[in-house]
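The structure appears below as structure tokens.
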Amino acid sequence: SKARGRGSWCFFESDMDERLAESLRLESALRQAVPRGELRLHYQPIYSCSTGRMTKAEALVRWENPQLGWVPPGRFIPAAEESSLILEVGQWILEEAIRQAAQWRAQPGLAPVVSINVSVRQFAQPGFESQVFALLERYGVPPACIELELTETLLASDQEDLPALLHRLHDAGVGLSLDDFGTGYSSLSYLSRFSLNTVKIDRSFVMGLQESSRNHSLVRAIISMAHSLHLNVVAEGVETWRQYEILKAEGCDYQQGYLLGRPMAADQLRAHPQVLAGE
Ligand code: C2E
Ligand code: CA
Ligand code: CA
Ligand code: CA
């Protein structure tokens, strides 16, 4: 089908829409990215509102290609998801994040829980669970030191064994976080049907927090609903102290955003404040 040979897809390119053509161009370059070592992980700090401590860090993939330059994950992850390439890329991300968690644990001071984004296809592949446990064992990382960020699309996917799979990961101590809450299908029943630990309120709700009383009410409702189901709440995309204060006052458990730190290289994270000033 898609990228069988360089020539075969070039031949069809004129018939395709621009988006698909770009996606195939990305795909063919991305195919080389893992073996050529072009991918890196950056980490964005996540702070506890009650202690002010950096207790978690989200791993966010970065790709720099000699021809294409810096390609944002919002462009190449969807392209990778259209092929099986996401499995290879996802596996690299998983291993690198767990390797980093092990390295942090071996050094004094910083040892945040590492939060890892997992694509639907990656999660749906039969070997995923054993891959996770094998990597944790190989690097000597306790399951509770990582968290997997899942999407509502995954929970809506009707994968038969999904509740049991999530339950086993959860039981072993792996954190399970529902990413971008409020942007997808947003069925409230997901929150109780699956073994989750954390809900991440999408940036779009945090953005309008100061101006819009509607967003304020929504955020308040999400937090109280999550808490009544014994779920933690992370707010993402926090950019101002005003937003930070509102979220803290509403009982939000963790906050993440440019205000508190941008995604950065692992050693920069070590040099970043471990406790928020004034806490
Ligand atoms: P996401 O999982 O919702 O990640 C949060 C995105 O918001 C990141 O963009 C982050 O840099 C950005 N962000 C964080 N704080 C702020 C803020 O205060 N303001 C604004 N404007 N933005 C903020 P990034 O790194 O470009 O990633 C975009 C998306 O790409 C991610 O959204 C995620 O869906 C996907 N992605 C990134 N890394 C991975 C990965 O390792 N695996 C998978 N499967 N997907 C990934
Ligand atoms: Ca995420
Ligand atoms: Ca998110
Ligand atoms: Ca988001």
**Prompt:** How big is the Cα convex hull of the range 207-279 in projection, averaged over all directions, in nm²?
**Reply:** 5.4
**Asked** Roughly what would the spin-label model give for residue 221 and residue 107, points 7 Å off Cα along C-beta, in nm?
**Response** 4.4
**Request:** Would you work out what percent of the accessible area of the chain, with all protein chains in place, is carbon or sulfur (probe 1.4 Å)?
**Result:** 51
**Request:** State the Cα centre-to-centre distance between the range 76-123 and the range 154-200 in whole Å.
**Result:** 18
**Asked** For the pair residue 229 and residue 62, how long in nm is the line joining their label points, each one 7 Å along Cα→Cβ?
**Response** 3.4
**Prompt:** Under the definition of Cα pairs under 8 Å and six or more residues apart, what whole-number percent is the relative contact order of the range 98-174?
**Reply:** 37
**Request:** Answer with one residue from 142, 258, 165: the one whose Cα lies farthest towards the positive end of the charge dipole of the range 114-273, charges on Cβ with Lys, Arg +1 and Asp, Glu -1.
**Result:** 258
**Prompt:** With springs only between Cα atoms under 10 Å, which of 81, 149, 64 fluctuates most in a Gaussian network model of the chain?
**Reply:** 64
**Fill in**
Result row for the chain, helices from DSSP H with C-alpha axial extent 30 Å or more and mean Kyte hydropathy at least 0.0, is 85-106
**Message:** Nothing charged except the Cβ atoms of Lys and Arg (+1) and of Asp and Glu (-1): what's the magnitude of the dipole of the chain about its Cα centre? Round to the nearest 20 debye.
**Reply:** 580
**Asked** So if we plug the beta-carbon distance of residue 125 and residue 17 into 1/(1 + (r/R0)^6) with R0 = 35 Å, what FRET efficiency do we get, rounded to 0.05?
**Response** 0.75
**Prompt:** How large is the helix-only mean residue ellipticity at 222 nm for the chain, computed as the sum of -39500 (n - 2.57) over DSSP H runs with n ≥ 4, divided by its residue count, in deg cm²/dmol to the nearest 500?
**Reply:** -13500 deg cm²/dmol
**Fill in**
Ranking 103, 78, 125 by how far each Cα lies towards the positive end of the charge dipole of the chain (+1 on Lys and Arg Cβ, -1 on Asp and Glu Cβ), the top one is 103
**Message:** Using +1 at the C-beta of Lys and Arg and -1 at the C-beta of Asp and Glu, which of 93, 59, 32 has the Cα lying farthest in the positive direction of the dipole of the range 21-93?
**Reply:** 59
**Message:** Tell me which chymotrypsin sites (Phe, Trp or Tyr not before Pro) from the range 114-160 have a DSSP coil assignment and no more than 12 other beta carbons within 10 Å of their own.
**Reply:** none
**Request:** Using a 1.4 angstrom probe, figure out how much accessible area the range 210-256 has per residue, in square angstrom, rounded to the nearest whole.
**Result:** 50
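The values are calculated or read from the model by the stated rules, or taken from the named source; none is laboratory data. Just so you know, these numbers come straight off a predicted model, no measurement behind them. Note: ideal-geometry Cβ built from the backbone for every residue, glycine included; neighbour counts use all protein chains shown. For accessibility, only protein heavy atoms count, side chains too; no ligands or nucleic acids. Shrake-Rupley method; radii C 1.70, N 1.55, O 1.52, S 1.80 Å.
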